[in-house]
Amino acid sequence: MILALIEKELRQHGAMIFLFFLLTCTGMFLLQSNELLSLSGGSVLHIVAWMLLVFLPLGCLVLGNALIAAEFRQKTQVFLDGLPLPRWKMVAVKYVFGLAATQLTSALLLGTMLFGAWQSEFIQWPFATLLAIKTACWSWFCWSTIFALSFLGRYRMAVGLVVVFGLLWAQNVGGVLVNRFGPFELVSERFAYERYDYPIKELWTTGVIAAALTLLGFSMALIRDATLSTMLSERMSSREKLVMITLLIAGLLTLGAVAERVEKVEPLDMPDSVDIVDELVNVSAAAAVAEPTEDERKAMRLHAENAAKTIREVAVYLRIRKFPPLFLLHRRDLENEEYQNGELNSRQGYLLRLNMLETQPSSLTLQSQVIEKLLDANQHNRLNSDTRGWILKGFAYWWPRHSPSEPNAVASESFANENEFVLGQTTIVAKNLVQWKLFRKQLQAEENEGLIALVGIETIWRQDQAACREFLSAVLGYAAPHDFRASVHDWWYSTSYLLRTTVRMNFEDLASKWTSALRNKVPGQTELQPR
Amino acid sequence: MSAHIEEQTIPLAKPNLLEARGLIRHYGNVPAVDGVDLNVRSGEIYGFLGINGAGKTTTIRILMGIIAAEAGSMRLLGETKRRTTIKQKRQIGYVSQEQNFYPWMTCRGLGRFVGSFYPTWDGQEFRRLLALFEIPETRRVSQLSGGMKAKLALAMAIAPRPEFLILDEPTAGLDPVARRDFMEIIVAQARQHRRTTFFSSHLIDEVERCADRIGIIHQGRMKFEGELSDLRTQVKRVTYLDQPTELPDSFELWNERIVESKVSRVYRATADQWSQLALSNVDIVGSLSLEEIFIACVGAKRVAI
């Protein structure tokens, strides 16, 4: 009985699914071999994430339409109902068939890309397993969603569009981190880079949602003898179509209008402020006092100029077109090196309260604070939610302390000595790359987040700049950046791209060079010893 | 195509193959079936008569277990179940009102697919029926005419050699010739194999020609169930000379017509009641054709012309 149903589905949809698989394989091979596309994604695995996010749901939509919606629309389910066949078996076969096709497609998608990228990317079995689990879970979620939607008949597209637009609206306008939620987190930009941390919570959330949607689909198909699904499967009347199109247009217009209004953020106005505005920076310094003294005015000017200079240098170095505005507010009640963050969102900029008479404009802490917060605002406050956020923090820590003449080298020996206590308490194992990455996991305390940057600098101090790159590549878990810029610029100026274009070697070659370099540096020893 | 019709005498006092009591099913707030009772005897051809929307298809869908009755009981093929089971369905051949087959399948492929659900499926019989109905085995369903699709459905309903054949307006949409052909086949099959056949229709001549017993359903309720001769004996028209007189309560008024102030009424009562009735103010007490009875039963209660 079940075999007959499976055979029927295969005969009916087999050609379409085969074509789907063929397109997937061909497409992935083409994309994988296309230099430009792979570069724009940084890692070629970004393409997998993108395909899973866009291509797979579309494929599921086609499949759901063919397997379920068309069955109801053409009333062939009435014919099946007349046969001695329990309805639940009919629905279950469709569900399992669709799930298998979806899983197979996504497995092909990932497998093809992993196969092609095995040489160019640093791929190990644990990483491949993690990717496979994420892919399988996401695929289940996709199919379950489409499965449930398909029983909504003529309203399935409308409901689907409302959900998609709603999520986009929540993400872009409402400020909700949809891409950090359950299933979407699985195929976020971390997909290509996260190699060790299993997103247990997200996997659970996705599983629960997928199970609930599956249950909903089965309920629609079985409760009241699928009367509701049968009614919904009727074609839309002209009036209904008109109403739907009108609602869609109205919804889109409303969404656009709301988005535009929300995007227009009121600028922060600080009266009597010292403003430095040019194409790269926008710095304002003001005093939270009724009548600022002459010394306070001078301090405000000095702080503004110094901050503007620092930001300008960072912007040039990181190739950032323009930073969000910086607002410095003088408060007499604060102590030296005492800072208070203001309540601004990332679009408005960053507000920092300090005592400008007590705190020197050249303060390293002040500069680190300003750089970190502006980088965070520039990245839409992703610093704490992104697993690579520590790089920005490390950069912010490192920048004020680096030598301007040699950006990637340590300023002085004294700097390393200053931080000896940090390194001295940590045994940094460089036996192999995996241990380097495991070490990264040990760095959970916030105060240690800059340590990686320090270790990189320490490596330069002990060895050379190339070793630092290799060290970073090991710590990052993916292709080594030429310098910090690659890390900050996410995927548009990706590490693997820079690796290929600047270092001109594959990651594995680089990794092996790093390991052998360490061995050669200290014969018989593969560990960096704390001083 | 030639269908051999073999007339046989149906023995009396046969057991009921189907007994349904008080079946109820609503669509939203609308009662599609509102307390239907059915008695289908073994080996008979039962005509289920009703206008469009009377509740015929809903009743049949309940009998087939496609939908569940909200209330009522059903004894089918010797088993009393709340809903028709898969086991019972395997003993029933079913032809639905619309033939929603997979258009991409060939007739042979469709037969193979349907056959996989019936342990008693007779592939040879299916092919024989296809040949008898002049349906090419290799032709796709999408290339069949409405009449051929109906015959294909009948072949698939008969091939498992079911005890009970249920047909839901099988001739709907067919031309008169095809319709007659089709019904002849059904009657021949039923008589030849003593197969209990339950078919619904809104075509009176079809029911009159083929059915041993009939049931009339209207607005979800059974108005009559019995043999055709009983119906003719029980339902009569009374035409009054002047002002109508009321008949006893045991006479069920089905319809009243007033034509040029002349009143005629259709009543239903037992043969004994009719024979005992003595009326003075009556022009004529006449028997009716099935069509007239049906119209009186399901048409407007009162018509004035």
If I model a spin label at A:E305 and A:E335 as a point 7 Å from the Cα along the Cα→Cβ vector, what separation in nanometres do I get?
3.0
Label point distance in nm, B:R83-B:E246, each placed 7 Å from Cα along Cα→Cβ:
4.7
Might you work out the accessible area of A:S284 for me, using a 1.4 Å probe with all protein chains in place, and round it to the nearest 10 Å²?
10
Taking a 1.4 Å probe, which of B:Y27, B:Y102, B:Y94 shows the most accessible area, and what order do the others take after it?
B:Y27, B:Y94, B:Y102
Quick one: accessible surface of B:S142, probe radius 1.4 Å, all protein chains present, in square angstrom to the nearest 10.
70
Rounded if a/c under 1.5, otherwise prolate or oblate - the range A:72-210, Cα gyration tensor axes:
oblate
Ignoring ligands and nucleic acids, what accessible area does A:E189 show with a 1.4 Å probe (Å², nearest 10)?
30
Can you find, among B:L241, B:G226, B:F198, the residue sitting farthest towards the positive end of the charge dipole of the range B:177-250, where Lys and Arg contribute +1 and Asp and Glu -1 at Cβ?
B:F198
Build a GNM of chain B with springs between Cα atoms under 10 Å: which of B:G286, B:G65, B:G28 gets the top mean-square fluctuation?
B:G28
Chain B - mean residue ellipticity at 222 nm from DSSP helices (-39,500 (n - 2.57) per run, n ≥ 4, rounded to 500)
-8500 deg cm²/dmol
Set Lys and Arg Cβ to +1 and Asp and Glu Cβ to -1, take the dipole of the range A:2-262 about its Cα centre, and tell me which of A:L85, A:F141, A:H13 lies farthest positive.
A:L85
Who wins for biggest fluctuation among B:G173, B:G47, B:G55 in a Gaussian network model of chain B, springs between alpha carbons below 10 Å?
B:G173
Inverse of <1/r> over all distinct C-alpha pairs of the range B:96-135, i.e. the Kirkwood Rh in Å, gives 11.0
So if each residue of separation counts as 0.36 nm, and I subtract the Cα-Cα distance between A:D269 and A:L242, what length gain in nm does that give?
5.0 nm
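For the range A:269-377, what is the accessible area per residue in Å², given a 1.4 Å probe and the full set of protein chains?
Values: 5300 Å² over 109 residues.
Result: 49 Å² per residue.
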If the only charges are +1 at each Lys and Arg Cβ and -1 at each Asp and Glu Cβ, what is the size of the charge dipole of the range B:40-143 around the Cα centre, to the nearest 20 debye?
280
For a label point 7 Å along the Cα-to-beta-carbon line of B:L279, residues of the range B:217-250 with backbone N under 14 Å
B:234-250
Would you kindly state how much longer the chain becomes between B:N16 and B:A71 on full extension, computed as 0.36 nm times their sequence separation minus their alpha carbon distance, in nm to one decimal?
17.7 nm
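Could you give the size of the charge dipole of the range A:2-262 about its Cα centre, using +1 on the Cβ of each K and R and -1 on the Cβ of each D and E, expressed in debye and rounded to the nearest 20? Numbers along the way, then the final one.
Values: 19 positive and 15 negative charges, 153 e Å.
That gives a dipole near 740 debye.
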Which residue fluctuates most in the GNM of chain B (Cα springs below 10 Å): B:A172, B:A211, B:A153?
B:A172
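Tell me, in nm to one decimal, what length is gained between A:A170 and A:F29 on full extension, where the rule is 0.36 nm per residue of separation less the Cα-Cα distance? Before the final figure, lay out each step's value.
Values: separation 141, 0.36 × 141 = 50.76 nm, distance 3.44 nm.
Stretched fully, the A:A170-A:F29 segment lengthens by 47.3 nm.
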For the interface of chains B and A, what total accessible area is buried with a 1.4 Å probe, rounded to the nearest 100 Å²?
2300
Which value, in Å to one decimal place, does the Kirkwood hydrodynamic radius take for the range A:2-262 when every pair of different Cα atoms is included?
19.9
Cβ-placed point charges (K, R +1; D, E -1), dipole of the range B:105-234 about Cα centre in debye, nearest 20
420
Cα-projected label distance for A:E234 with A:A92, points at 7 Å along beta-carbon direction, nm:
3.2
Which distance in Å, rounded to a whole number, links the C-alpha centroids of the range B:70-101 and the range B:203-282?
33
Greater than 26 Å apart at Cα, pairs in A:K89/B:K81; A:K8/B:K151; A:K134/A:K322; B:K149/B:K223; A:K75/B:K151
A:K134/A:K322; B:K149/B:K223
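The values are calculated or read from the model by the stated rules, or taken from the named source; none is laboratory data. Please read these numbers as outputs of a predicted model, since none were measured by experiment. Cβ: placed from backbone, ideal geometry, glycine included. Neighbour counts: every protein chain shown. Only protein heavy atoms, including side chains, enter the accessible area calculation; ligands, DNA and RNA are left aside. Shrake-Rupley method; radii C 1.70, N 1.55, O 1.52, S 1.80 Å.
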